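Everything on this sheet refers to the single structure shown next.
The values are calculated or read from the model by the stated rules, or taken from the named source; none is laboratory data. Keep in mind that what you see is a predicted model, and the values were worked out from it rather than measured. Heads up, the Cβs are rebuilt from the backbone with ideal geometry, glycines too, and the neighbour counts pull from every protein chain shown. Protein only, heavy atoms only, side chains kept; ligands, DNA and RNA dropped before computing areas. Shrake-Rupley method; radii C 1.70, N 1.55, O 1.52, S 1.80 Å.
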Amino acid sequence: MQFNPRWPPLEPLFALTRGAATRALITKLSDTNALKGIRGLVAGKDTLALTATELPWVDGIEYFGRDGTSAFLLIPTTHVPKIPTAWLEHRYRKE
């Protein structure tokens, strides 16, 4: 799928880390009181996904948000797909 840059970015609702960013996020969460705002956390080998009242920032983290036309689909906050998100949502909900 192809994307174009988006400005301003969407409000981040979900964060995903891989590799070094995962290790940096784990360090940040263990050094602060940030765990109290976490709503959901999924961890795998070298990967971390989370939702929180305030998402932390670390270098390499990827943020996702909701486009106004799609209530279900989360997309990158700084990019917009070249096809309408409502079409994508419809496609994924059918499967």
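Here are the numbers for the structure shown:
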| quantity | calculated |
| --- | --- |
| Cut-off 12 Å between beta-carbons: net charge of the residues surrounding ASP46, Lys and Arg +1, Asp and Glu -1 | +3 |
| Net +/- balance of residues flanking PRO84 in space, Cβ distance below 15 Å, scoring K and R +1, D and E -1 | +3 |
| Between helix 20-31 and the chain: long-axis angle, C-alpha atoms, 0 to 90°, nearest 10 | 50 degrees |
| Gained length - ASP31 relative to ASP46, 0.36 nm times residue gap less alpha-carbon distance | 3.5 nm |
| Protection-proxy order for peptides 57-69, 14-26, each taking the mean of Cβ atoms within 10 Å per residue, highest first | 14-26, 57-69 |
| Lysine pair number, Cα distance threshold 28 Å (strictly under), the chain, separation 8 or more or different chains | 4 |
| Accessible area per residue in Å² at 1.4 Å probe, computed on the chain | 69 Å² |
| Angle in degrees between helix 85-94 and the longest Cα principal axis of the chain, rounded to the nearest 10 | 90 degrees |
